[in-house]
Amino acid sequence: MPELLQINKLSAGYGPLRVLHEIDLSVKEGERIGLVGLNGHGKTTLFRAITHMTGWQQGSIKLDGEEIGGSRSLGAGRRTAELVKKGIGVAPQGDAIFPGLSVRKHLECGAHTKSAWRNRRERIEEIFEVFPPLRNLQHSLVGKLSGGERRMVSVGRMLMSEARLYLIDEPSLGLAPKISQRVMEALWALPVSGAMIIAEQNISLLTGRADRILGMHAGRMRGDIGHVELN
Amino acid sequence: MDLGLVIYALNLASIYALMAIWISILWSSVGMINMAHGATFATSGYAAWLISAALKPVIAATFGKGAIASAMMAGAVLGSAIVAGALCGAVIYALAFLPIHDKPNYSVRSLIITLALNIGVVQGLLWYFGPRNRGLPKVFGFGRWELWDTKIRYDQAGTILGAGLVMMLTLAWLRYSRRGLEVRAMMQNAEGAAYSGISRQATALPVLMLTGALAGVAAALLSQTIFVSPTAGVIPLVKGLTIALLGGLGSVAGAVAGAVLIGFLEAIVGAIPFLGQRYVMFATFSFIILVLIFRPRGIGGLLDNTRE
């Protein structure tokens, strides 16, 4: 399998704060990776660095062989939309929803590529297959939904694009165990052709399902920590 | 309250709403308080004046003096004001947005740059055209209707209907077009918009050009009652900004409500014998300050309860 994402010596942070320390990571086409680490150890910052949302960064990030990294000290978010269009789908922490748009409009927002926009009706139907509760809520404002429903909308919006690399940040955060279990089941069952990285604190939600589980500690990768048996 | 007063109030409200809506949208989507709005207003007025003066003999020679000639003239005035306004918007994009939009303190910097642009353009117009007022051709013709013993001038009726139509069109554009959806998404969550492939650089240009075009429409409509002059944009800018604040920056419904409230307040204060026109500004600002003391987020917080 060819490498889809290749990260070399990536450091990133905000102002004087260095969060990531020379990270190396490679992700193959079709891989589903779990990224485990405690709060504040750099999982979110790694995702933000891949989409140029950190304050500064340096190091190489290659998406399908194309360099999308490099050094910069300013311009957080300037290239994010462009990188997303290259095929990176993101479901960020805190969902970043549009509270005044309906569920349907929300999903349409995610269909940013030409062909996704053309086929948006069919794609929305596919999202409803993955997250059935959204079908009845399609005309409700997202600002009035519960936490679990918002998470489904956020992941649904990410799936609307035709991304090759999906970055999903703590899908279980703030959800009741039963609901987070259901969201994770839906995520693992997704018909995704590209690669997927799921950052998660709760290793039990990843174990047995991810192809690899990587540890992250104090801004450094800990390598494959393997599947942990939990009773 | 007699009907004449209502018409006068609606006339003011429609012009204010045209200005305030886009100041509000511009702030919440592009993150910019556009002080150069006043310069756009004045420039569009002058463009309409120049183009209509240049086209007058041509139209008179081709179409004579009939209804077609008046319609052509109206088209020339409105069209040139809209085009000039949109071009001003593009210039503001190039000077006050592109170079600084990802630098720290962008909002304050763009405020200062657009304020400087505003002063520069107003001085430039003053230097080139002089302080004399210029009258635009009457887009809606001369005359008045009688309605229940009240006389309604054509330009008043035209301004209210025209502004209403333009506002409906822009709101429909925001609601139903794909670009409008992107603008609304950006207004509500910039990070989520970026993750949906909506770039601020790409969206800011049409938003700024539309803002400028609407300032152009407002200029052409307001110049039916007042004159074109280099400082003609100052009062609409100040009114537009304060009404946008009153309505709650970022709330379209709030801006419209604020414009209607202020329009009626001004008309009523102006009509009360012992107060009159000289107390209009005093009453307006007192009202806005009072509202903001009790509702710091403006009245928009009431109407738009889904914003965070």
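No value in this document is a laboratory result; all are computed from the given coordinates. Predicted, not measured: the structure shown is a model, and the values here were computed from it. No Cβ is skipped: glycine too gets one built from the backbone with ideal geometry, and neighbour counts run over all protein chains shown.
Using +1 on the beta carbon of Lys and Arg, -1 on that of Asp and Glu, and nothing else charged, what's the dipole of the protein assembly as shown about the Cα centre, debye to 20?
The dipole of the protein assembly as shown has a size of about 920 debye.
Around B:M32, what is the net charge, scoring Lys/Arg as +1 and Asp/Glu as -1 over all other residues with Cβ under 15 Å from its Cβ?
Here the count lands on +2.
Which ³J(HN,Hα) values, rounded to whole Hz and listed in residue order, are derived for the stretch B:285-290 from phi using the Karplus coefficients 6.51, -1.76 and 1.60 in 6.51 cos²θ - 1.76 cosθ + 1.60 with θ = phi - 60°, glycine and proline given as x?
Taking θ as phi minus 60°, the curve returns 5, 4, 4, 5, 4, 4 Hz for the stretch B:285-290.
Between exposed chymotrypsin sites (Phe, Trp or Tyr not before Pro) in chain B, where DSSP calls loop and at most 15 other Cβ atoms lie within 10 Å, what's the longest gap?
B:1-141
Label point 7 Å out from A:R182 along Cα-to-Cβ: which residues of the stretch A:83-98 have amide N under 20 Å?
A:94-95
Place the peptides A:84-97, B:233-246 in order of packing, highest mean first, counting for every residue the other Cβ atoms within 10 Å and averaging per peptide.
Final packing ranking: B:233-246, A:84-97.
Could you tally the net charge around B:F227, taking each other residue with its Cβ under 15 Å from the Cβ of B:F227, Lys/Arg +1 and Asp/Glu -1?
Overall, the nearby charge balance is +2.
Over all Cα pairs of the stretch B:18-235, how is the pair count split among 5 Å bins, expressed in % and running from 0 up to the last occupied bin?
Histogram of Cα-Cα distances, whole percents per bin: 1, 7, 14, 17, 17, 15, 12, 8, 5, 3, 1, 0.
Quick check: Cα centre of the stretch A:40-97 to Cα centre of the stretch B:19-45, how many Å?
32 Å
Please compute the contact order of chain B in relative form: average sequence separation of alpha-carbon pairs under 8 Å and at least six residues apart, divided by the residue count, as a percent.
That works out to 35 percent.
So for A:S204, B:S199, fewest C-beta neighbours within 10 Å to most, what's the order?
Lowest to highest Cβ neighbour count: A:S204, B:S199.
Assuming a strict under-30 Å limit between Cα atoms, what lysine pair count do you get for the stretch B:18-235 once near-sequence pairs (fewer than 8 apart, same chain) are dropped?
Within the stretch B:18-235, the lysine pair count is 6.
Which listed residue (B:Y128, B:I92, B:A202) has the Cα farthest towards the positive end of the charge dipole for the stretch B:18-235, taking +1 on Lys and Arg C-beta and -1 on Asp and Glu C-beta about the Cα centre?
B:Y128
Using 0.36 nm per residue, how much length does the chain from B:L126 to B:R278 gain when fully extended, once their Cα-Cα distance is taken away?
In short, 52.1 nm is gained.
Which whole number gives the average, over all residues in A:46-54, of C-beta atoms from other chains lying within 10 Å of the residue C-beta?
1
Summing -39500 (n - 2.57) over the DSSP H runs of n ≥ 4 in chain B and dividing by its residue number, what mean residue ellipticity at 222 nm do you reach, to the nearest 500 deg cm²/dmol?
-24500 deg cm²/dmol
Shielding by partners for B:96-107, please: the mean number of other protein chain Cβ atoms within 10 Å of each residue's Cβ.
That average works out to 1.
Within 10 Å of each Cβ of A:106-115, how many other protein chain Cβ atoms are there on average?
Shielding by partners across A:106-115 averages 4.
Mind checking the dipole of the stretch B:18-235: about its Cα centre, +1 per Lys or Arg Cβ, -1 per Asp or Glu Cβ, Debye to the nearest 20?
Result for the stretch B:18-235 is approximately 280 debye, rounded to the nearest 20.
Between the stretch B:179-248 and the stretch A:158-204, what is the separation of their alpha carbon centroids in Å?
When both Cα centres are located, 39 Å separates them.
Rounding to the nearest 20 debye, state how big the charge dipole of the stretch A:12-86 is about its Cα centre with +1 on each Lys and Arg Cβ and -1 on each Asp and Glu Cβ.
Result for the stretch A:12-86 is approximately 280 debye, rounded to the nearest 20.
Calculate, for A:L17 and A:K144, the FRET efficiency according to 1/(1 + (r/R0)^6) with r their C-beta to C-beta distance and R0 41 Å; round to the nearest 0.05.
E between A:L17 and A:K144, to the nearest 0.05, is 0.70.
Rounded to two decimal places and with Rh computed the Kirkwood way over Cα pairs, what is Rg over Rh for the protein assembly as shown?
Checking Rg against Rh, the ratio lands at 1.07.
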